[in-house]
Amino acid sequence: MQNGLRIEGLSFSYSGNLADAVFRGVDLFVEPGSVFCLLGPNGTGKSTLLKCISGLLHPGQGRVLVHGNDISLLRAADVAKELGYVPQSQMSAFPFLVEDIVVMGRAPHLNIFASPSARDIRIARDSMETVGIVALAKRPCTTLSGGEWQLTLIARALAQGPRIMVLDEPTSHLDMGNQMKILRVVQGLAERGLAIIMASHFPDHAFLLASEVAILNHGHIVQQGSPDKVITDDNMRDTYGVDTKVLYIGEGVDRKACFPSLRNRLQPSKD
Amino acid sequence: MQSNKETGIHLNPVKLQVFLVLLLLGVSVAALMAGQLRIHPYEVVRILLSGIFPIEKTWSPTLESVLFDVRLPRLLAGLLVGAGLSVSGAAFQGLFRNPLVSPHILGVSAGAGLGAALAILFFGKIFMVQLFSFLFGLLAVLMTYSLSRVYRTTPVLMLVLSGMIVGALFSAATSLLKYIADPVNQMPSIVFWMLGSLNNASNKDMIIAGPVMLAGITVLLLIRWRINLLAMGEEEARSLGIDTGRIRAVIIVCATIIAASAVSISGIIGWIGLVIPHIGRILVGPDNKKLLPVATLIGAIYLVVVDTIARTAIESEIPIGILTAIVGAPIFAYLLRKNRSGW
C-alpha cells in the first residue's frame, strides 16, 4: 500500500458526457509531508477537481486513491476519516460556537445516534490548539473574521483525523497577514506528515511552501513539477494572460516571486 | 461573557432542563385542576395515583371521570402536540438552514386542512376528520417531496418551492370547499377546525396518535447532533462523511408524521413550531444537541399553559390557534429585544 494521495486519469463533466469535460486525464501524486499547489485561472475547474478528489463529485473516468484505496469503493465516512476537505465556505446561518463547529469533524467517527463524547471534544480541542484558535472556542462563528473562519474550518478538517488534507483556496479574500497565518498553519500540518493539496490564486504561495505545483488550464494539467520549473515568465503569461516576471529576491526574502505587469506584451509570446 | 450577549444567554442546559421538567410537572398538575370543576392539587395527584396503586376512593366518580376522560387526554394531547411541533420546527430550521421555517413548510397543514374540510363536508364525524386530515397531510408532503426530486437528489430550495406549490394547490381546494359548503353548519366547522383546538382530544386519540408522535419525537432527539451538520450545508455535511439524503429523509418523515398527527388531533396551531425553537436558541444557543431537548420541553409547557387559558379564561373556549400567537408574540418580542440571538 502506498501512502499519500494518487490521482489517475481523472476526468469529470457535469453532463455525464466526457466530450464537454471540465477537465480530463488528470494524474498527480501528493506525498505525505508535502504541499501540492494547484494553480490556474478562475473558472478552470480547480474547485471541481478538488471536489472529485474529496468524493463530493463523482468523476466520469479515472480513480482517486487514498493510501492506495480507490475512494469510489469506500463508504463516505471512511473517506472522511482519511481525507479532510476544507471548502470555500460561507459562514453558517446559525451562530454555532467555534468549538461546536470544530467538533463536527468527528462526525465520520460517530454513528447516526451518537453525540460527541469527551474524547471527541478533547480531539477537537487539540485541533484548535494545533491551528492556534483555542481562544476563539466560545466565539459564535458569525462574529469571526475571514481568517478566523478559515482556521476554524481547517481545525474541523483536522479533527477528522485525516492523513490527507484538501484545501480549496484557503487564502482567498484574506489580507496579507492572514494569508501568511493560514500558510504557516498549512506548512505546520505538512510537517506533521499530512499530504496536502491546495488550490491557490497566488503563484507566490507555491514558492513559499509547495514542493510541487500543477497548472490546470483549458481542462488539462498543462504544467507540473517543482515551483522553480513550473512558475516561469512564459507559463504565468500563458496561464493568466498578463506579462509576468519571475525573479529571485535575496535580501532576507530568499525566494522567487512573481511580478505581474499592467502592460501587455512585455515580451513577445512564443507563438 | 461578552460574546454571550451577542448570541443569547447560553444557560447551563442541564440545569435548564431540570428546571423545565419541574415546571412541566407543575403546569400539568395545574392544568388538571383548573376548569369549571376545580380539583384540589392534592386530590389530582391522589386520583392519578389511584390509576396505578390501590388507593381508597374518597372522591366522587364524576371527579374521576372529569380527570381521566376529559382533562388527562387533553393534557397529554397538549404536551405531545406542543413538544412535537417545537421539535420538528427546530429540526426543519436546521435542515433548511433557515430560522424562519416552520414544520408546515412542506405543505402538511394545507394538506391536512383539505382533508378535514372534505371529511366535514362528506362525513361530519370527528374520527373521519382526524383520519382524513392525517392522511391528506402525509399526501401533501409526499407530493412536495416527489415534486422536488431531481436527478435522485432533493435540493433544499426545490423542497421549499415545491412545498409552496403544493400548499397553494391544497389551500385553493380548501377555499373551494368552504365556498360550496353549507354556510350554516359546515363552513363554521371548517373555519373553527382550522383555528385549532384541543377540545376533541380523547383517550382513543391518545392511544393511536400518542405512540406515533412519541416515536417521531424520539428519533429526532436521537439524531439531533447530526442536524448541526446538515445546518452547515449539503456539501460540507457530505465532506464530513454524512449521508445527507438519508438523514434528510429521516427528518422529513419524522417531522411530517408528528405534524400530521398534531394537526389531526388539534387542528392547525401555528406559531409554536416557528417560535419555540427561537426561544430555545436564545436560552441555550444554536447547538441542536442542547436546543432540541429544551425546545421539546418548552413547547410542551407552552401549549399546556395556553390551552389551559383557552378553556378557562372565558365562558366559552377561545380557539387555541389565536391564543398561541396572542400569548406568544409579546413573550417572543421581549426576548428578542432583550437578547440578540445572532442571526
Computed FRET value (nearest 0.05) for A:Asn3 with A:Glu251, which takes r as the C-beta separation and R₀ as 45 Å: 0.70
Sparse-neighbour loop sites [chymotrypsin sites (Phe, Trp or Tyr not before Pro); the stretch A:7-57; at most 15 other C-beta within 10 Å; DSSP]: A:Tyr14
Listed residue (B:Phe134, B:Ile217, B:Ser189) projecting farthest to the positive dipole end of chain B, Cβ model: B:Ile217
What ³J(HN,Hα) values, in whole Hz, does the Karplus curve 6.51 cos²θ - 1.76 cosθ + 1.60 give for the stretch B:56-72 when θ = phi - 60°, with x put for Gly and Pro? 5, 7, 9, 10, 6, x, 4, 4, 5, 5, 4, 5, 7, 9, 10, 6, 5
Expected max-MSF residue from B:Ala116, B:Ala259, B:Ala201 in the GNM of chain B (alpha carbon, under 10 Å) is B:Ala201
How many nm separate the modelled label positions at B:Val184 and A:Lys229, each set 7 Å beyond the Cα in the direction of the Cβ? 9.5
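When each pair of different Cα atoms in the stretch A:5-231 is counted once in the 1/r mean, what is the Kirkwood radius in angstroms, to one decimal? Intermediate values should be presented prior to the final figure.
Details: mean 1/r = 0.0561 Å⁻¹.
The Cα-based Kirkwood calculation yields 17.8 Å.
What translational D, rounded to a whole number of µm²/s, comes out for the stretch B:13-338 from Stokes-Einstein when the hydrodynamic radius is the Kirkwood one over Cα pairs, at 10 °C and 1.306 mPa s?
On the way: Rh = 20.3 Å.
After rounding, the answer is 78 µm²/s.
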Say we join alpha carbon atoms closer than 10 Å with springs in a Gaussian network model of chain A; which of A:Val185, A:Val86, A:Val253 then has the biggest fluctuation? A:Val253
Which value in deg cm²/dmol, rounded to the nearest 500, describes the helix-derived mean residue ellipticity at 222 nm for chain B, given -39,500 (n - 2.57) per DSSP H run of n ≥ 4 and division by the residue count? -24500 deg cm²/dmol
Taking the simple approach of a point 7 Å from Cα along Cα-to-Cβ for both A:Leu65 and B:Gln36, what is their distance in nm? 8.2
Report the FRET efficiency, 1/(1 + (r/R0)^6), for A:His173 and B:Ser65, where r is their Cβ-Cβ distance and R0 is 51 Å, rounded to 0.05. 0.15
Cross-link partners of A:Lys51 among lysines (Cα-Cα below 19 Å; sequence separation of 8 or more within a chain): A:Lys81
Hey, could you get me the Stokes-Einstein D for the stretch A:1-106, Kirkwood radius over alpha-carbon pairs, 25 °C and 0.890 mPa s, rounded to whole µm² s⁻¹? 161
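Once you keep just the Cα pairs under 8 angstrom separated by 6 or more residues, what percentage relative contact order results for chain B? Working shown, then result.
Working: 522 pairs, mean separation 110.5, N = 343.
It comes to 32 percent, rounded to a whole number.
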Of the candidates A:Thr143, B:Ala325, B:Val45, the farthest towards the positive dipole end of the protein assembly as shown (Lys/Arg Cβ +1, Asp/Glu Cβ -1, centred on the Cα centre) is B:Val45
Rounded if a/c under 1.5, otherwise prolate or oblate - the protein assembly as shown, Cα gyration tensor axes: prolate
Treat every Asp and Glu Cβ in the protein assembly as shown as -1 and every Lys and Arg Cβ as +1, leave all other atoms uncharged, and give the resulting dipole magnitude about the Cα centre to the nearest 20 debye. 860
Once you list every other residue whose beta carbon is under 12 Å from the beta carbon of B:Val66, what net charge do they have if Lys and Arg are +1 and Asp and Glu are -1? 0
Less than 22 Å apart at the alpha-carbon level, and either on another chain or at least 8 residues along: which lysines does that give for A:Lys46? A:Lys229
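Considering only DSSP states other than H, G, I, E and B, which trypsin sites (Lys or Arg not before Pro) in the stretch B:258-329 qualify as loop sites with at most 12 other Cβ atoms within 10 Å?
Taking the stretch B:258-329 and a limit of 12 other Cβ atoms within 10 Å, no loop trypsin sites (Lys or Arg not before Pro) are found.
Please work out the FRET efficiency for the pair A:Gln88 and B:Leu195, using the Cβ-Cβ distance as r and a Förster radius of 45 Å; give the result to the nearest 0.05.
Efficiency at R0 = 45 Å is approximately 0.40.
Nothing charged except the Cβ atoms of Lys and Arg (+1) and of Asp and Glu (-1): what's the magnitude of the dipole of chain B about its Cα centre? Round to the nearest 20 debye.
Numbers: 25 positive and 15 negative charges, 144 e Å.
The calculated dipole for chain B is roughly 700 debye.
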Set of the stretch A:8-37 residues, backbone N closer than 20 Å to the point 7 Å along the Cα-Cβ line of A:His58: A:8-26
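FYI, it's all coordinate maths here, none of it is from the lab. As the structure is a computational prediction, the values presented were derived from the model and not from experiment. Glycine also receives a Cβ, built like all others from the backbone with ideal geometry; neighbour counts cover every protein chain displayed.
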